[in-house]
Amino acid sequence: MTAPRLDVDLDLVAHNTRVLVDRLAPRGIRVTGVSKASLGSTAVAAAMVRGGATAIGDSRVENLERLRAGDRVTPLTLIRSPMLSQVDRVVRGSDMSLNTETVVLAALSAAALREQVSHDVVLMVELGDLREGVAVGEVVDLAATVAGLPGLRLAGLGTNLACRSGIVPDQDKMDQLSALVELVEARVGHPMTIVTGGNSANLDWAFGTADVGRVDELRLGESILLGTEPLHRQIVEGLRTDAFTLVAEVIEVQTKPAQSWGGTAQNAFGDTPARGGPGLVRQAIAALGRQDVDPDGATPPAGMKVLAASSDHLVVDVGDHGSVVGDEIAFQLDYSALVRAMTSPFVVVRPTGSASPDVTAPVPTRGAA
Ligand SMILES: *Cc1c(COP(=O)(O)O)cnc(C)c1O
């Protein structure tokens, strides 16, 4: 079978979504499924919706446009601040966007009027992670500005933590967000319909807190796709970690000394590797490399170990496995490895499970998959 390939079990994606949706619903929290790590796959998004996600979020307009072409019903959110150069595509291709800049909001308003649509706006609040967000003291004024822009509807507030600086979304941060919601409502005179508290890093807080405050939505990607939470990379209870499997084919199996020989300098990637110890290694080369995956995030089966990776060769100590040329090796992926595999034109994406076969319609820069 074709290799390298990324097997995607859509039933497990739906399962993970369902478990999260059912655990968060009693707390009054809805789930937006974040599809960006799947390259905005229509089939992955459909599996999230099947599992109970009420909306799909993606950071790329291109992905949202493809999702919209395949599904006109599910609300779509652009979860990155729109590019000024893309505002028309944003209001056509999504129902809502996360925003921080007055100039962008003015352009979105003009675009919504041109396209004769109403576009929902969430203002993102900076609570310490220092990525996107408006300073707490400026949120109420910006909200009033949005409320006065035709074509836009101020839908709510949101925040994003743990992405740039690893700042934990705790009770204090979420209480600050809730308090701001009340201030904004008092100023603009209508209730916020969405308070989006964060990403998969918020799950610890959401499951543990006695008071979610005004937070009524989370944007979940990693937990749905990989079953892990990003704060400590622990498995979230009840979730499956094997929805995605990267399969590579073995092109050489030889027994070689563990220790390289000759004078040493840098390798292909500018590192000077340690030489390796004594003894012999049964090593396989998989036809897989840094062009296909982040090798640090690819875990081979038990009893095998990744020794090294260059652009096109992944060297694996196969231990007692009786590997031969032509065998396939299946790797579990972390977030970084998944994103690389999904964006590699060499990796064929193959959906499994009961849902739709069309896991990724081609995007312009990518071969058909
Ligand atoms: C990527 C992203 C998410 C989803 O994050 P996960 O950790 O994958 O759940 C949510 N919100 C924003 C703004 C993002 O960029």
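Could you check the stretch 149-168 and list, in sequence order, the residues that are in contact with a Gly (Cβ under 9 Å, 6 or more places away or on another chain) and either closer than 30 Å to residue 116 by Cβ or open to solvent by less than 20 Å² (accessible area, probe 1.4 Å) (or both)? Correct list: 158, 159, 160, 161. Of the numbered criteria (1) surrounded by fewer than 21 Cβ atoms within 10 Å (Cβ to Cβ); (2) within 16 Å of the ligand (Cβ to nearest atom), the one residue 237 fails is (2).
Among the numbered conditions (1) in a loop (DSSP other than H, G, I, E, B); (2) away from the ligand (no atom under 14 Å from the Cβ), tell me where residue 256 comes up short. The failed condition is (1). Against the definition (within 16 Å of the ligand (Cβ to nearest atom), buried (at least 17 other Cβ atoms within 10 Å of the Cβ) and not in a loop (DSSP other than H, G, I, E, B)), how does residue 146 come out, yes or no? The answer is no for residue 146.
Yes/no per residue for (1) assigned to a strand (DSSP E or B); (2) without any contact (Cβ under 8 Å) to a residue 40 or more places away in the chain; (3) small (Gly, Ala, Ser):
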position: 242; (1), (2), (3): no, no, no
position: 249; (1), (2), (3): yes, no, no
position: 269; (1), (2), (3): no, no, no
position: 282; (1), (2), (3): yes, no, no
position: 302; (1), (2), (3): no, yes, yes
position: 312; (1), (2), (3): no, yes, no
position: 325; (1), (2), (3): no, no, no
position: 331; (1), (2), (3): yes, no, no
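Between 151, 133, 128, the distinction of being within 14 Å of the ligand (Cβ to nearest atom) and on the phi > 0 side of the Ramachandran plot belongs to 133 only. Does residue 172 qualify as being more than 16 Å from the ligand (Cβ to nearest atom), of a type outside the set (Gly, Ala, Ser) and free of Cβ contacts under 8 Å to residues at least 40 places away in the same chain? Here the answer is yes, as residue 172 does meet what is asked. Would it be correct to say that residue 78 is within 16 Å of the ligand (Cβ to nearest atom) and without any contact (Cβ under 8 Å) to a residue 40 or more places away in the chain? Against the criterion (within 16 Å of the ligand (Cβ to nearest atom) and without any contact (Cβ under 8 Å) to a residue 40 or more places away in the chain), residue 78 qualifies. If you go through the stretch 309-330 and keep only what is under 26 Å from the mean Cα position of the chain (by Cα) and either hydrophobic (A, V, I, L, M, F, W, C) or over 18 Å from residue 256 (Cβ atoms) (or both), you end up with 309, 311, 312, 314, 329, 330. Of the residues that sit in the stretch 192-226 and are outside any loop (DSSP other than H, G, I, E, B) and small (Gly, Ala, Ser), which one is nearest to the ligand (Cβ to nearest atom)? Ranking the qualifying residues of the stretch 192-226, first place goes to 200.
Give the residue that is farthest from residue 152 (Cα to Cα), with candidates limited to residues of the stretch 85-125 that are away from the ligand (no atom under 16 Å from the Cβ) and of a type in the set (S, T, N, Q). Residue satisfying both the conditions and the ranking: 85. When 220, 177 are checked against the criterion of being open to solvent by less than 10 Å² (accessible area, probe 1.4 Å), touching a residue at least 40 places away in the same chain (Cβ under 8 Å) and more than 23 Å from residue 153 (Cα to Cα), a single residue qualifies: 220. The residue list 292, 296 contains one member that is of a type outside the set (A, V, I, L, M, F, W, C), assigned to a helix (DSSP H, G or I) and either touching a helix residue (DSSP H, G or I) at 6+ places or on another chain (Cβ under 9 Å) or surrounded by 14 or more Cβ atoms within 10 Å (Cβ to Cβ) (or both), which is 296. Within the stretch 139-167, residues that are among the basic types (Lys, Arg) reach partners that are away from the ligand (no atom under 16 Å from the Cβ) and open to solvent by 20 Å² or more (accessible area, probe 1.4 Å) with beta carbons closer than 7 Å, at six or more positions or on different chains, in the pairs 153/118. Out of the residues in the stretch 17-51 meeting the condition of being within 16 Å of the ligand (Cβ to nearest atom) and in a loop (DSSP other than H, G, I, E, B), tell me which one is nearest to residue 89 (Cα to Cα). Ranking the candidates gives 40 first. The single residue among 172, 141 that is open to solvent by 60 Å² or more (accessible area, probe 1.4 Å), under 26 Å from residue 33 (Cα atoms) and assigned to a helix (DSSP H, G or I) turns out to be 172.
The values are calculated or read from the model by the stated rules, or taken from the named source; none is laboratory data. Keep in mind that this is a model prediction, so the values were computed, not measured. Note that each Cβ is placed from the backbone with ideal geometry, even for glycine, and that neighbours are counted across all protein chains shown. Ligands, DNA and RNA are stripped out before the accessible areas are found, and what is left, the full protein with its side chains, is counted by its heavy atoms. Shrake-Rupley method; radii C 1.70, N 1.55, O 1.52, S 1.80 Å.
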